[in-house]
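This report concerns only the one structure given below.
The values are calculated or read from the model by the stated rules, or taken from the named source; none is laboratory data. Since this is a predicted model, take the numbers as computed values, not measurements. Ideal geometry is used to build each Cβ from the backbone, glycine not excepted, and the neighbour counts take in all protein chains shown. Keep in mind that these areas ignore ligands, DNA and RNA; they rest on the heavy atoms of the full protein, side chains included. Shrake-Rupley method; radii C 1.70, N 1.55, O 1.52, S 1.80 Å.
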Amino acid sequence: LRDMTGVAMMECKKALVECNGDIEKALDLLRSNSALKAEKKAARVAADGVLRVFVGDEYSTLIEINSETDFAAKDENFIKFADDVQLYISKNRLSDVADLNESDIEDKRKTLVQTIGENIQLRRLETVDHSSEMYAGSYLHSDSKLGAIVVLSGGDESLAKDIAMHVAAFNPLCLSESDIDPQILEREKSIYMAQAEESGKPQEIMEKMIEGKLKRFLSEVSLLSQNFVKDPEVTIQNLLDSSNAKIESYVRLKVGEGIEVETKNFADEVAEQLK
């Protein structure tokens, strides 16, 4: 039963005792318990884990698979599950992570929760469509916690991979300066205005200061304006122009990004356990 399920020995023993030694009934019991345990652990923060990527001829997908700890993310059962997810996205185009809820991947996730004893979540995915005439390239960092996909018209696959590495490293907020979110721009502008007012300089000087800072900010967060990670002497736009290429789309994910993790004082944590 342990070989069949990967569940802890005592859990298997308990199930067999409850089912009077009937291994099929014990298997069903463990499967039903896995769903219950998965539900109980769902409220616990899962901010670690890995990314998996698939690059195909018509679409490419980047997916985030979360665990509570890095220790669990290195468990062979977790890695096997992540590989199963990668195989699934290679055969099925998904537009939303909720598309996995009715698949066999969800059953495997619940079983993994029972096996590992941590909250395991398929948090989010990004899928980009592209034709076979385009070039899709991906980058996945060595720890599998940071990745990106870039789709080009023109150029080649090697260029797409290089720019994907750059996107992963520099995290651009937009493709070009004109694509910036107006709210982000307004927030930055208000910060620069407050800084300029503190300087006590004349109005016209302050306006030039604000304009200069905004221009620099836009060049730093816009992908096309950024200096290429492998050659800071050229911008991404220069790199594309030299290969007669254009970026059609890009996506980037980082494991745990945007998740708030509660930190505890170690002494307080020990005191809580003693209570």
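For the chain, the longest principal axis of the alpha carbon atoms and the long axis of helix 157-170 meet at an angle near 90°.
Against the compact-protein benchmark of 2.2 N^0.38 Å, the Cα-based radius of gyration of region 198-247 scales to 1.60.
Note on the chain: with a GNM built from Cα contacts shorter than 10 Å, the maximum mean-square fluctuation among Pro202, Pro232, Pro182 falls on Pro202. Of the whole protein surface, Asp129 contributes about 90 Å² of accessible area at a 1.4 Å probe radius.
Against the criterion of solvent-accessible heavy-atom surface with a 1.4 angstrom probe, Lys201, Lys91 sort, most first, into Lys91, Lys201. Magnitude of the charge dipole for region 42-176, about its Cα centre and with charges confined to Cβ atoms of Lys, Arg (+1) and Asp, Glu (-1), is about 300 debye. Pairs exceeding 30 Å between alpha-carbon atoms, taken from Lys13/Lys145; Lys13/Lys110; Lys91/Lys161; Lys80/Lys161; Lys145/Lys208; Lys110/Lys161: Lys13/Lys145; Lys145/Lys208; Lys110/Lys161.
Here region 88-236 has 46 percent of its accessible surface on carbon and sulfur atoms, given a 1.4 Å probe and all protein chains in place.
Near Pro232, once Lys and Arg are set to +1 and Asp and Glu to -1 for all other residues with Cβ below 15 Å from its Cβ, the sum equals -3.
Among Leu125, Leu152, Leu175, which one shows the highest mean-square fluctuation when the chain is modelled as a Gaussian network with alpha-carbon springs under 10 Å? Greatest mean-square fluctuation among the candidates belongs to Leu175.
Result for the chain in a Gaussian network model with C-alpha springs under 10 Å: among Ser222, Ser249, Ser142, the largest mean-square fluctuation is at Ser142.
Dividing the helix sum by the residues of the chain, where each DSSP H run of 4 or more adds -39500 (n - 2.57), gives a mean residue ellipticity at 222 nm of -15000 deg cm²/dmol. Within the full protein context, the accessible area of Glu211 is estimated at about 130 Å² for a probe radius of 1.4 Å.
Between the C-alpha center of region 155-171 and that of region 65-143 there is a gap of 22 Å. Note on the chain: with charges restricted to the Cβ of Lys and Arg (+1) and Asp and Glu (-1), its dipole about the Cα centre is near 660 debye.
Taking all protein chains together, Arg52, Arg123 sort by accessible area into Arg123, Arg52, largest first [probe 1.4 Å]. Between the beta carbons of Asp99 and Ser199, assuming R0 = 51 Å, the FRET efficiency works out to 0.45 to the nearest 0.05.
The solvent-accessible area of Lys25, taken with every protein chain present and a 1.4 Å probe, is close to 120 Å². At a probe radius of 1.4 angstrom, the accessible area of region 147-235 per residue rounds to 57 square angstrom.
For the chain, the C-alpha radius of gyration sits at 1.31 times the compact-globule guess of 2.2 N^0.38 Å, with N the residue count.
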